[in-house]
Amino acid sequence: MERKPFKVQAVANLLGTTVDSIRRDTDESGILIQRQTGDGPKTRLFSIENIFELARFRAKKIGLTPKRKVIMTIYAPKGGVGKTTVASNLSTLFPLMGLKTLVIDLDFQANLSMSFGYDAELTHEQALDDNIPIDKCIDYHFGHLMPQWQASSTPPLNDVIKKPFGEFGPHLIPSEVSLDRLEALFTLDTIMGKNPETTIAKFLYEGMNGTNPDLDLSSYDVILFDAPPAKNQTTRGALLASDYVVAPVSMERYSTKSVSYLAKVLGEMESSLGKYPELLILGNFYDKTRLRVAAQVITLVNQYKDSWVDKSISSSEEFKKVLSSEDYELPLAVAKPSSNASVELRAVAQALVGRMGVL
Amino acid sequence: MNQKKTEAEFNDELRRKFQQDMATKNNGMVMTKPPSTNSKSLEALIEDTQNAQLVNQDGNNYIETIAVNLVDDSPWQPRSRYDEGYIQALGEMLQDRGQDDPIIVRKLPTGRFELIAGHRRVRAARLIGWSTIKAQIVVLNDRDAELATLVSNEGRVDLTDYEKGLAYRKSVDRGFAKNQTEVARLFGCTQARVSQCLSLLSLPLEVKDILDKYPGLFGYRYGVVVSDLMKEFPLGIDTITQGIEQLIDNNELNSDDLRSFVERALLNRSRSPIVKPTIVSNLQGDSMFTVKIKNNQIVIDIKDENIDKNVVNSLMIDALRNLVLSNQ
Ligand SMILES: Nc1ncnc2c1ncn2[C@@H]1O[C@H](COP(=O)(O)OP(=O)(O)OP(=O)(O)O)[C@@H](O)[C@H]1O
Ligand SMILES: [Mg+2]
């Protein structure tokens, strides 16, 4: 599928700067940008890969160095509240801010992987037959990297990680249906008296330290998990490994219960292991004209003052449009940089990065 | 700045508006607060658990090489048949590459070992004549052994839908899970999958007899068609099982083939006695029309040559229009 190219103004929006400095930095970076053909003005046409490369260049130029690395899980025990939407957009926006980002799809339903244009059901044969790049197929998922998987050998990280928008965009560990086996293997471990709960934590700890050269994650500034709504051991494992849990709550429906449940889970982690992620609550499907929504906000803010993120995401039809359009493989934040939803998403990304003390 | 103020004002106003409402709503609703102490670091967590594990090495879990002929099947394992081709391939792989993962067994008081996980590997090892095999020996009581066996088989390999259904039901019968949601959690799959596999268990006994012998004969989708057919032809069980049995020799057949087989057999047979035409006669008793239902058609034969077909036709159309209107 051909992706629509971006004009300078859109790139400026995405990188939060002016058209002039985009032009200047592009020239300086030496990144090769296509020009419009034909008789008209030879406007620059950026590919999505170009934009991420430029973002990285700009970050280097100003000597941007993250103050700390963070691991976060996007999770709420409720379905359809926007976890995957938030995960795909944040993981796309962070690299635009100059942060090296890895996003891990922990849901065997693979919505996140699909939102980046991968097809969990596509076989190699089918891809060959239909002339689809083999890279669109998903051969490995996070489970394959876990010691429990007990395949004859762990696949090299390079074969697992996808780079939907090139080297400088978000990196993705995709998912497909067999990932649900990981949960059964964790259960088995539990029965056998082994403690699987720290498996993911250990994997990330070693990965971020670069102890294991085959599973080196030390180059990433941000690692995000997109968790399924399930209250299972895989999700708990990711939470335990994380510095933050970002919980989208749908302002359209009463979500206080799901936040309360999550807070309880964190409390259990604190008392049993002393390690838990800090809770950040992110309002989604926000609509300030509706009283019911306002009531929800007030309840949540009253109860969870320290966790409330003061930037929310409004209800917007754009999210659904992106899913059904040709731009399917681009998260909304990059598909429609000037839409209101994208402006809000960028504000949320900024707020989170500030709150977590990354920049 | 200005804007912020108005937003704050807006919120304040709402807060006042809702204060009362909230006071009643939150009554009785306990909202747990997240922990507020400082979490330990990832590094500290890993160090602490590693230390704890060192203390925990109590010999309950160890890997040893044991004699293959001392290994017994688990009485709880859900697999009812072993694919010979697969066992053979597995044997070749063991021969080529050696054994990567230990099988899992528990030691019985008799000194023999009972399998938890690795039924197929043990069969493959026997096939290629190995006398010993690498095993992880665990200490488990009956109940945990049963649960571990159920779960590990599901986790490791492709059981058929029917075998999964049996395992799921067993987990409920044995009290490991209370409902489908808990089954799904236990086996690490979706509740939809659980419900699909369980649906095979509500097929008629005659059909389940076939599945007991050939658990891989068909999956839940085909099962749905079988139960649809049972509803449509409550007395057609013999024909339906006949149709299913054809699968045994020809696995190319699918549920459409079953449906058309059953329909061909049962619709033809049942139609002949029923389809008698209705005769419409005049006062003198001469038959003017015969009307007959044929599948989705109503066939009207005009027996009297004097009747104007166009008139009949428009009468029919009027009648049908009235019918349509009255149904709206
Ligand atoms: N702010 C929003 N406005 C409108 N639609 C939204 C918004 N956020 C998410 N959606 C839509 O809601 C649906 C569910 O979102 P999403 O898949 O991100 O939720 P989820 O929490 O990951 O779901 P699941 O629990 O199934 O994993 C999607 O169709 C998405 O496009
Ligand atoms: Mg999701």
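For the residues of A:174-181, the average number of beta carbons from a partner chain within 10 Å of their own beta carbon is 2. Once backbone amide H atoms are built at 1.01 Å from N, A:GLY283 has A:VAL249, A:VAL309, A:ILE313 as its partners under 5 Å, excluding neighbours fewer than 5 places away on the same chain. The orientation-averaged projected area of the convex hull spanned by the Cα atoms of chain A comes to 19.8 nm². Applying 1/(1 + (r/R0)^6) with R0 = 30 Å to the Cβ-Cβ distance of B:GLU64 and B:TYR86 gives a FRET efficiency near 0.70. By the count of neighbouring beta-carbon atoms within 10 Å, fewest first, B:HIS119, A:HIS141 end up ordered B:HIS119, A:HIS141. The B:ALA319 and B:ASP238 beta-carbon pair, evaluated with R₀ = 51 Å, returns a calculated FRET efficiency of approximately 0.80.
Counting Cα-Cα pairs of chain B in 20 Å increments starting at 0 gives whole-percent bin shares of 19, 32, 24, 19, 6, 0. Under the criterion of Cα pairs below 8 Å and six or more residues apart, the relative contact order for the range B:203-267 equals 35 percent.
Within the same chain, lysines fewer than 8 places from B:LYS294 are excluded, and of the rest, those with a Cα less than 23 Å from its Cα are B:LYS231, B:LYS276, B:LYS303, B:LYS309.
Where Lys and Arg each count +1 and Asp and Glu each count -1, what net charge lies around A:ASN158 among other residues with Cβ under 15 Å from its Cβ? Counting the neighbours of A:ASN158, the net charge comes to -4. Out of the DSSP beta bridges found with both residues in chain A, what percent are antiparallel (nearest 5)? Rounded to the nearest five, the antiparallel share is 15 percent. Within the shell of other residues whose beta carbon sits under 10 angstrom from the beta carbon of B:LYS40, the net charge comes to -3, with Lys and Arg scored +1 and Asp and Glu -1. With both residues required to sit in the protein assembly as shown, DSSP beta bridges show an antiparallel share near 45%. With θ taken as phi - 60° and the Karplus curve 6.51 cos²θ - 1.76 cosθ + 1.60 applied, the whole-hertz 3J(HN,Hα) list for the range A:162-168 is 9, 10, x, 10, x, 3, 9 Hz, x standing for glycine and proline.
Couplings 3J(HN,Hα) of the range A:34-43, computed from phi: 5, 10, 4, 8, x, 8, x, x, 8, 4 Hz, in residue order, whole Hz [Karplus 6.51 cos²θ - 1.76 cosθ + 1.60, θ = phi - 60°; x for Gly and Pro]. Charge tally for B:LYS107 (other residues, Cβ to Cβ under 12 Å; Lys, Arg +1; Asp, Glu -1): -1.
Separation of the alpha carbons by more than 24 angstrom is noted, of A:LYS7/A:LYS288; A:LYS83/A:LYS311; A:LYS83/A:LYS336; A:LYS231/A:LYS257, for A:LYS7/A:LYS288.
A short reminder: the numbers here are calculations on the coordinates, not readings from a lab. Remember, predicted model here, so these are calculated numbers, not experimental data. Counting neighbours? That spans all protein chains shown, and the Cβs are built from the backbone with ideal geometry, glycine included.
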